[in-house]
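For reference, the structure discussed in these notes is given below.
Read the figures in this text as sums done on the coordinates, not as results from a lab. Computed from a predicted structure; not experimentally measured. Neighbour counts are summed over all protein chains in view; Cβ atoms, including those assigned to glycine, are modelled from backbone coordinates with ideal geometry.
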Amino acid sequence: MKTIASFTIDHLRLLPGLYVSRKDRVGGETLTTFDLRMTRPNEEPVMNTAELHTIEHLAATYLRNHDEYGPKVIYFGPMGCRTGNYLILAGDYEAADIAPLVVGTFEFIRDYEGDIPGASGAGCGNYLDMNLPMARYYARKYLETLYHLDESTMRYPA
């Protein structure tokens, strides 16, 4: 079998950042998958499921309610390696195009107080696995990267 593209990225050199992971054509539409890499692979500890789950609930709520991008959100969710999240948008975008959207998303998470949307037995399959303080911590940490994006944090290492 052929190696899939995401396994060809040098994760030993990959920095936290905002990357275009892939672009796919579906019918007449382009779908852009973004790699929201929050921690440095194989260098930093991975995030626990509780904070990733909380980030997923808050980010999905923010993104799907966004006036401009809400109708274009196809998916937001965690990476299996627990070093970040994927965001899939309908449209042909570059990382710089959506940087303000991602900043807004993580500022929302950083500042969020109150009940986590969808965190109930009726609204979620594992609602007890949530950690808002750690989600806010990781949002603050990731914002330090997002506020200073450059080529090294928006283009995969060669």
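Structure notes:
- Relative contact order of segment 11-154, defined on C-alpha pairs under 8 angstrom at six or more residues apart (%): 30
- Shape call, segment 97-143: gyration tensor on alpha carbons, a/c limit 1.5: prolate
- Between E144 and A5, residue separation times 0.36 nm minus the direct Cα-Cα distance comes to 47.3 nm.
- FRET efficiency, 1/(1 + (r/R0)^6) with R0 30 Å, evaluated for E94 and R13 via beta carbons: 0.90
- Options (1) 41, 39, 36; (2) 43, 36, 30; (3) 139, 39, 34 - which one matches Cα extents along the principal axes in Å as calculated here: (1)
- Under 22 Å from the Cα of K72 - lysines, other chains or at least 8 residues apart: K23
- With R₀ set to 22 Å, the beta-carbon distance separating E68 from N126 gives a calculated FRET efficiency near 0.10.
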